[in-house]
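The structure follows.
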Amino acid sequence: MGESLRGLWFDGRSSAAREVRVRLQPGPRGPSLALQAGDGEQLELGNEQVGWPERWSAQRVPRKLIVDLGPSGSLQLDDPALWQQALSAAGQHASLAQRMQTRWTTFAAVLLVAAGLILAFYRWGTPWAATQLTRQVPLAWETGLADRFVRDLDQGWLKPSKLPPERQAALRARFETLARSLPPELRRYRGYDPRLVLHFRRGMGANAFALPGGTIVMTDGIVELADKQQLGDDALVGVLAHEIGHVMHRHTTRMIVEQGVLNVGLGLALGDVSWLLSMGGSMLTGLAYRRSHESEADCFAAALMTRTGGATAPMAELLLRMEGGGKQPSEGGSWIEFVSSHPLTPQRAQALKGGADAACR
């Protein structure tokens, strides 16, 4: 039996306090508490029947301690330090939350571990989870989404192409050659075999983009820019290979899933009070994932162009012309890349000029 302490027992049956001897005794579920009053009355309470006070740091020792005894009233102790010693001797160990409140070293260690887990979730957990979830998304859902999106664009931003039919046919033939040349090692999702379709449209400047399910749109502007700069069809075919990479990696679907996983994960980690921080972090990490998608599509394009005998240097030149309006764009700073949805164009162009080995690093 442990050392006894002196205390005052307010039993709830009268307003007067009763002097008692208090003992804390080890038990299988934690310490139990026993009281013995001067008139001989005894009270024994199990661990779960006592509202154990939270621990405190050595620099913040309270002058008095109140212990909640539930229906049996409360207990007042004038020597909290002795109580804490007796509690430790009886086998009561501070919880992690209590140690974080009383020891800054524990708090710092937990904070570092939490930060590491959040970073690991961002770096590896979210992309892995998004990839697994994307496997479960039906192709029919993707094609339906793409069809609706194209219809909406045709009603506003895009118009029928004015490229000569023979120009469209030549590019479509090169596109179909790419589609037929897809090797198994470039297919990230086993069994995923969308029908690749190329559409030409006028509007949205010099652009090309991929929609989920196999739809790729190339604008007149990008074809006219490549022709004006005399870059050859390899420049445009490289862009088409890049967009096929987006399709085969299911980047649009993955982006939707990744954003959902990020919002849920950051919300659980940061809580409701940190809604603004959670949304800001989700936006920045979403941009980072989009940059990763662009790098994957560049690697895919370089590998596919190499397989079909095409060159990636013309595509690199076209990217530079698209960004600089015919002039060499500036390098920019690291902060620009951080808030951009694409890797910086000069770095992309340099990697593409180096072929598959450089683009896939």
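Name the pairs: first residue in the stretch 40-62 and charged (D, E, K, R), second residue crowded, with 16+ Cβ neighbours inside 10 Å and modelled with pLDDT of 90 or more, Cβ to Cβ under 6 Å, at least 6 apart or on different chains?
From the stretch 40-62, the pairs are GLU44/ALA34.
When the stretch 193-202 is examined, which residues are found to be open to solvent by 20 Å² or more (accessible area, probe 1.4 Å) and part of a strand (DSSP E or B)?
VAL197, HIS199, ARG201, ARG202
Also, quick follow-up: Which of the residues that make up the stretch 174-187 are under 30 Å from the mean Cα position of the chain (by Cα) and open to solvent by 90 Å² or more (accessible area, probe 1.4 Å)?
Matches in the stretch 174-187: PRO184, GLU185.
A further question follows. Which residue is surrounded by the most Cβ atoms within 10 Å (Cβ to Cβ), if the candidates are limited to the stretch 9-31 and must be small (Gly, Ala, Ser) and over 15 Å from ASP68 (Cα atoms)?
The residue in question is GLY30.
Hey, another quick one. Only one of these conditions is not met by ARG6: (1) closer than 30 Å to TRP104 by Cα; (2) open to solvent by 50 Å² or more (accessible area, probe 1.4 Å). Which number is it?
Failed condition: (1).
Quick one: is PRO164 open to solvent by 40 Å² or more (accessible area, probe 1.4 Å), more than 26 Å from the chain's Cα centre (by Cα) and farther than 20 Å from ARG290 by Cα?
Against the criterion (open to solvent by 40 Å² or more (accessible area, probe 1.4 Å), more than 26 Å from the chain's Cα centre (by Cα) and farther than 20 Å from ARG290 by Cα), PRO164 qualifies.
Considering every residue within the stretch 293-300, establish whether at least one is open to solvent by 30 Å² or more (accessible area, probe 1.4 Å), closer than 24 Å to LEU139 by Cβ and either more than 23 Å from the chain's Cα centre (by Cα) or modelled with pLDDT of 85 or more (or both).
There is at least one residue in the stretch 293-300 that is open to solvent by 30 Å² or more (accessible area, probe 1.4 Å), closer than 24 Å to LEU139 by Cβ and either more than 23 Å from the chain's Cα centre (by Cα) or modelled with pLDDT of 85 or more (or both).
ALA34 - would you say it is among the small types (Gly, Ala, Ser) and surrounded by fewer than 17 Cβ atoms within 10 Å (Cβ to Cβ)?
When the stated conditions are applied, ALA34 does not pass them.
Within the stretch 224-259, which residues are among the basic types (Lys, Arg) and surrounded by fewer than 22 Cβ atoms within 10 Å (Cβ to Cβ)?
LYS228, the sole residue that qualifies.
Now for a different question. Going residue by residue through the stretch 151-160, is there one that turns out to be open to solvent by less than 70 Å² (accessible area, probe 1.4 Å), in contact with a Phe, Trp or Tyr (Cβ under 7 Å, 6 or more places away or on another chain) and at pLDDT 90 or above?
No - not one qualifying residue is present in the stretch 151-160.
Please give the number of the condition ARG190 fails out of (1) open to solvent by 70 Å² or more (accessible area, probe 1.4 Å); (2) part of a loop (DSSP other than H, G, I, E, B); (3) in contact with a strand residue (DSSP E or B) (Cβ under 8 Å, 6 or more places away or on another chain).
(3)
Report yes if LEU171 is within 18 Å of THR312 (Cα to Cα) and either modelled with pLDDT of 95 or more or loosely packed, with under 12 Cβ neighbours inside 10 Å (or both), otherwise no.
So LEU171 passes the test.
Could I ask something else about it? Mind listing just one residue for me: the one in the stretch 119-150 that is β-branched (Val, Ile, Thr) and more than 30 Å from GLY221 (Cβ to Cβ) and, of those, surrounded by the fewest Cβ atoms within 10 Å (Cβ to Cβ)?
THR131
What are the residue pairs meeting all of these: first residue in the stretch 176-189, first residue farther than 19 Å from HIS251 by Cα, second residue open to solvent by 30 Å² or more (accessible area, probe 1.4 Å) and outside any helix (DSSP H, G or I), Cβ atoms under 6 Å, and 6 or more apart or on different chains?
Sorted first by the residue in the stretch 176-189, then by its partner, the pairs are SER181/THR308.
The values are calculated or read from the model by the stated rules, or taken from the named source; none is laboratory data. All of these numbers come straight from a predicted model, not from anything done at the bench. Counting neighbours? That spans all protein chains shown, and the Cβs are built from the backbone with ideal geometry, glycine included. Side chains included, ligands, DNA and RNA excluded: accessible areas come from the protein's heavy atoms. Shrake-Rupley method; radii C 1.70, N 1.55, O 1.52, S 1.80 Å.
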